Every structure is written in C-alpha cells, then in structure tokens.
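Asker: Sharing a structure here in structure tokens format.
The values are calculated or read from the model by the stated rules, or taken from the named source; none is laboratory data. Predicted model only: the values in this text are computed from it and were never measured. Please note: Cβ atoms are built from the backbone with ideal geometry, for glycine as well, and neighbour counts cover all protein chains shown.
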C-alpha cells in the first residue's frame with residue numbers, strides 16, 4: 001500500500017503560492033550555511049561548513065561572525081554541521097555544535113560553547129562526545145534538544161554494516177544529557193544509542209510528541225521517519241519499505257520501523273522543520289523539508305494523528321538552488337539556506353539565506369490594539385499559566401506556545417477573561433506565547449517555566 005502511495009505522489013502536486021507569499025535574500029556570499037536556528041534574540045544563528053558560527057539579524061541584514069573552529073576540517077560532505085541552542089539560552093548561554101576533525105583519521109565530535117553577550121563571542125569549548133567515525137560521505141549530523149536531552153544523528157561513515165552493529169555509535173540516533181552523560185533511561189544505560197539502522201540522517205525536528213527525521217537513501221528510498229526508542233530502522237538490510245522477501249524477513253526478525261514516506265528516485269532530503277504558525281495558515285500542521293537534488297521545498301501534510309503523510313507538495317516560490325536547511329520564526333517567517341558552493345571550500349562563496357514572508361502580516365507586539373490588554377502570571381510559572389485578556393471585539397481568539405527557536409509546542413483556543421493554560425508538559429525554560437485573531441497577532445510575550 002505504501003508503494004502505491006509513493007507512485008501516486010511521484011508527480012508531485014505543485015503548491016500554488018498565494019500573492020502575499022514573498023521572498024527576499026537576507027544574506028548572501030556565504031559558504032554552505034549547514035544549520036539554521038532561530039534564536040530568542042530574533043536573530044538567525046547558523047553554521048557554515050568551513051567552521052564558522054555566525055548570527056544574522058534578518059530585519060537589518062547585519063551579519064556577525066561569533067567564532068571560527070580551527071579544528072574543523074572539510075572533506076567532501078564533512079565539516080561544521082549541526083547546531084542547537086540550549087532551551088533556556090537567555091540564561092544558560094550554551095550552544096551545541098557538531099563538526100569533523102582529524103585525529104588518527106577523520107572523526108566527528110559534539111562540542112558545547114558558551115556565548116558571552118558582553119563581548120558577543122563564543123568561548124570555552126567543551127567536548128561532550130568525540131571519536132565518532134567520519135568519512136568523505138555519510139557523516140550526518142543534526143542536533144535537537146528534547147526534554148533537556150541532546151539527540152544526535154550520525155551517519156554510517158561509508159561503512160553500511162556499522163548501522164546494524166548496535167554498540168557502534170555510527171549509523172545511529174544518539175541521546176545524551178546536556179552535560180554529556182548518558183541518560184539512565186536509554187535503551188542501554190551505558191550507551192548513547194537511541195535508535196539504529198540509519199544511513200545518513202539529514203534532518204530532525206520534535207513536534208506533536210514525535211521525533212521526525214529525514215534520511216538519505218542510496219539511489220532509491222530517501223526516507224521520512226518517526227524515530228522511536230530502541231528501534232531498528234533497517235539500513236543496510238532494508239532500503240525504504242519492507243517490500244522484498246528478504247526485507248520482510250529481516251523486518252519481522254529485527255523489529256524494524258518502516259518510513260512513513262520514501263522517495264524513489266531519491267531527492268536528497270535535507271533539513272526539516274514543523275510549521276504551525278499564523279502567517280501562512282494553509283501550511284499549518286505540515287513538515288517543511290529542504291532538498292538538495294530535487295532543489296525544492298517540500299510540504300509534507302500530516303494526518304490528524306501526525307503519524308503519516310497525506311500529501312507531498314512542493315513550493316515553486318523557491319527552486320533552482322540546492323536547499324540545505326530551514327528555520328521558522330515565532331510569527332511564521334520561513335528562512336532557507338542554499339548549498340551551491342563547491343563542497344571542498346574552494347572557489348566562490350555562492351550561498352544565501354532566503355526569507356519567505358507575507359508583507360501584509362501584522363505582528364504588533366506586547367500591548368497591541370487600542371482597548372486590548374493581556375497579562376500573563378505567575379511569571380515564572382509552574383504547571384499552570386494564567387492568561388488574562390481584555391479585548392474590545394467579539395472575534396474568536398487562539399494561542400500558540402513555541403520554544404525560543406520557533407518550534408511549536410502547543411496551541412488551542414482561548415477566551416476573553418482569565419484562562420488557565422496547562423503547561424505541565426513543557427520542560428523548564430523560556431517560551432514564547434502568542435495570541436492572535438485570524439492571521440493578526442494581538443499579543444506576543446515571553447514566560448519562564450521553572
């Protein structure tokens with residue numbers, strides 16, 4: 001059945017962009033911006049493959065270089081890769097990065113840096129995990145922080161069999177604490193391995209209580225997966241779905257999880273993010289995925305239980321460039337990085353960061369309209385947050401709570417007067433709250449859960 005679905009989706013529906021959906025270049029002459037993260041300071045933090053960590057103000061287009069990692073070494077697909085900010089970055093100031101280096105061979109490590117706002121620099125690199133095997137191809141490596149644990153995708157480093165060797169940390173999703181220790185509730189409490197059987201995962205995002213991941217296939221079967229604890233995702237014995245005799249036998253014997261969507265021929269899936277913001281309501285509930293070979297932004301519409309893809313569309317507004325990564329701000333502006341520069345680092349810097357936005361969208365800040373007042377308390381909050389709203393019209397209200405990175409965490413309808421929002425599912429840290437009427441944001445503010 002899944003193969004039939006793939007055939008039906010082979011000629012993709014082209015998403016017809018609305019008139020208000022507009023693009024602009026906010027940075028150019030870059031070298032493969034590999035990871036984009038929207039920070040709590042309303043800046044885009046990003047890595048460049050040649051070892052640079054930078055920050056961009058998309059409003060003014062001012063770009064600052066915060067750090068250059070001299071140990072980072074480029075070899076074809078290798079270099080400086082994934083990055084994530086601590087969930088309470090405003091107070092903790094930690095930033096986590098993956099990069100490749102040379103020490104008795106090509107390796108990969110995960111490092112934590114500290115940001116010093118007084119000098120606007122990164123310093124104090126602390127290695128959390130290293131000696132991950134690397135190669136010219138298949139190094140991963142995306143990072144995500146979920147419930148105060150760091151998830152790390154590693155490639156098979158051009159050695160497919162290691163993906164099924166559970167003690168090996170290649171071809172895996174790893175999970176460690178933010179100080180580098182191993183969580184006691186990992187499948188093996190002595191190992192960082194969370195899931196295995198991966199070839200080369202290029203995207204990861206947490207939404208709807210699920211961990212979504214995009215993964216490169218060989219010449220067939222790029223995959224879109226939902227990662228699960230202690231499960232096998234098949235590589236190299238299974239490519240995509242369990243649909244040959246040998247694959248079905250292996251899947252039954254090895255507790256294999258099939259992808260929820262696969263692409264043949266491959267499209268070179270890359271960075272992903274979850275969209276559920278007010279700026280573009282028709283993208284709400286979708287995974288947005290960049291692609292390198294296909295050179296399109298894919299819109300993966302999820303079903304009502306968020307565990308399957310019901311349609312795979314592409315956005316014609318951005319195509320023609322190899323697209324590497326994506327991030328989204330709390331209002332819903334979409335930022336995409338290209339990957340056109342020569343992978344070795346030689347030649348011209350040919351890459352850019354593109355913004356997709358609606359110029360008619362209004363986000364009007366803390367106290368927004370006349371006769372509108374919003375008060376949130378207590379702040380810091382425990383498991384319940386009170387939201388008191390005074391507004392001078394009768395339209396229905398909605399709210400969203402996002403991480404400081406822009407990742408949607410919860411949403412719903414809200415009433416005038418005093419509301420009690422259950423935030424017990426949130427980890428301790430800082431969050432954005434937005435209240436809006438239709439597409440118009442009437443309040444945006446921050447709160448701290450502790």
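Asker: Which residues, counting only those in region 217-239, are in a loop (DSSP other than H, G, I, E, B) and either buried (at least 24 other Cβ atoms within 10 Å of the Cβ) or not assigned by TED's automatic domain parsing to the domain that holds residue 183 (or both)? Spell out the reasoning first.
Answerer: Restricting attention to region 217-239, the residues satisfying the condition of being in a loop (DSSP other than H, G, I, E, B) are 217-221, 228-231, 233-239.
Across region 217-239, the qualifying residues are 233, 234, 235, 238.
Asker: Further question on the same structure: With (1) buried (at least 22 other Cβ atoms within 10 Å of the Cβ); (2) out of contact with any strand residue (DSSP E or B) (no Cβ under 7 Å at 6 or more places or on another chain) as the list, and residue 85 as the residue in question, which single condition is left unmet?
Answerer: The one condition residue 85 does not meet is (2).
Asker: Can you pull out every residue in region 431-443 that is at negative phi and surrounded by fewer than 20 Cβ atoms within 10 Å (Cβ to Cβ)?
Answerer: Selection gives 437, 439, 440.
Asker: Need the failing condition index for residue 305 against (1) free of Cβ contacts under 8 Å to residues at least 24 places away in the same chain; (2) outside any strand (DSSP E or B); (3) within 19 Å of the chain's Cα centre (by Cα), just the number.
Answerer: Exception for residue 305: condition (3).
Asker: Kindly provide the set of residues from region 381-437 that are within 24 Å of residue 144 (Cβ to Cβ), modelled with pLDDT under 85 and outside any strand (DSSP E or B), ordered by number.
Answerer: Once the filter is applied, which keeps residues that are within 24 Å of residue 144 (Cβ to Cβ), modelled with pLDDT under 85 and outside any strand (DSSP E or B), region 381-437 yields 404, 405, 406, 407, 428.
Asker: A further question on this structure: Do we find that residue 58 is modelled with pLDDT under 95 and either under 30 Å from residue 409 (Cα atoms) or over 22 Å from the mean Cα position of the chain (by Cα) (or both) in this structure?
Answerer: Numbers: modelled with pLDDT under 95: no; either under 30 Å from residue 409 (Cα atoms) or over 22 Å from the mean Cα position of the chain (by Cα) (or both): yes.
No.
Asker: Does residue 331 meet the test of being in contact (Cβ under 8 Å) with a residue 40 or more places away in the chain and surrounded by 17 or more Cβ atoms within 10 Å (Cβ to Cβ)?
Answerer: Values: in contact (Cβ under 8 Å) with a residue 40 or more places away in the chain: yes; surrounded by 17 or more Cβ atoms within 10 Å (Cβ to Cβ): yes.
Taking the combined requirement at face value, the residue satisfies it.
For (1) surrounded by fewer than 23 Cβ atoms within 10 Å (Cβ to Cβ); (2) closer than 15 Å to residue 231 by Cα, each residue gets a yes or a no:
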position: 136; (1), (2): yes, no
position: 139; (1), (2): no, no
position: 148; (1), (2): yes, no
position: 167; (1), (2): yes, yes
position: 176; (1), (2): yes, no
position: 179; (1), (2): yes, no
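Asker: Considering each of 159, 214 in turn, give the residue that is more than 21 Å from the chain's Cα centre (by Cα), at pLDDT 95 or above, closer than 25 Å to residue 106 by Cα and in the same structural domain as residue 324 (by TED's automatic domain parsing). It would help to see each step written out before you state the result.
Answerer: Details: 214 fails: more than 21 Å from the chain's Cα centre (by Cα).
Just one listed residue meets the conditions, 159.
Asker: Of the residues that make up region 352-369, is at least one part of a loop (DSSP other than H, G, I, E, B), at pLDDT 90 or above and over 29 Å from residue 429 (Cα atoms)?
Answerer: Kept after step one, since they are part of a loop (DSSP other than H, G, I, E, B), are these residues of region 352-369: 358-362, 364-369.
Checking the rest, the ones that are also at pLDDT 90 or above come to 358.
Imposing the further condition that a residue be over 29 Å from residue 429 (Cα atoms) reduces the set to 358.
Within region 352-369 (the criterion being part of a loop (DSSP other than H, G, I, E, B), at pLDDT 90 or above and over 29 Å from residue 429 (Cα atoms)), the answer is yes, since at least one residue qualifies.
Asker: Select, from 91, 186, 131, the only residue that is closer than 28 Å to residue 217 by Cβ, surrounded by fewer than 16 Cβ atoms within 10 Å (Cβ to Cβ) and touching a strand residue (DSSP E or B) at 6+ places or on another chain (Cβ under 8 Å).
Answerer: Selected residue: 131, the only one of 91, 186, 131 that is closer than 28 Å to residue 217 by Cβ, surrounded by fewer than 16 Cβ atoms within 10 Å (Cβ to Cβ) and touching a strand residue (DSSP E or B) at 6+ places or on another chain (Cβ under 8 Å).
Asker: Related question: Can you give me the number of residues within region 190-202 that are outside any loop (DSSP other than H, G, I, E, B) and either in contact with a helix residue (DSSP H, G or I) (Cβ under 9 Å, 6 or more places away or on another chain) or surrounded by fewer than 24 Cβ atoms within 10 Å (Cβ to Cβ) (or both)?
Answerer: In the first step, residues of region 190-202 are kept if they are outside any loop (DSSP other than H, G, I, E, B); the result is 193-196, 201-202.
Checking the rest, the ones that are also either in contact with a helix residue (DSSP H, G or I) (Cβ under 9 Å, 6 or more places away or on another chain) or surrounded by fewer than 24 Cβ atoms within 10 Å (Cβ to Cβ) (or both) come to 193, 196.
Result for region 190-202: 2.
Asker: Scanning for something under 17 Å from the mean Cα position of the chain (by Cα) and not in a strand (DSSP E or B), does region 92-100 turn up at least one residue?
Answerer: no
Asker: Does residue 115 fit the bill of being at pLDDT 95 or above and part of a loop (DSSP other than H, G, I, E, B)? Spell out the reasoning first.
Answerer: On the way: at pLDDT 95 or above: yes; part of a loop (DSSP other than H, G, I, E, B): no.
No: the conditions fail for residue 115.
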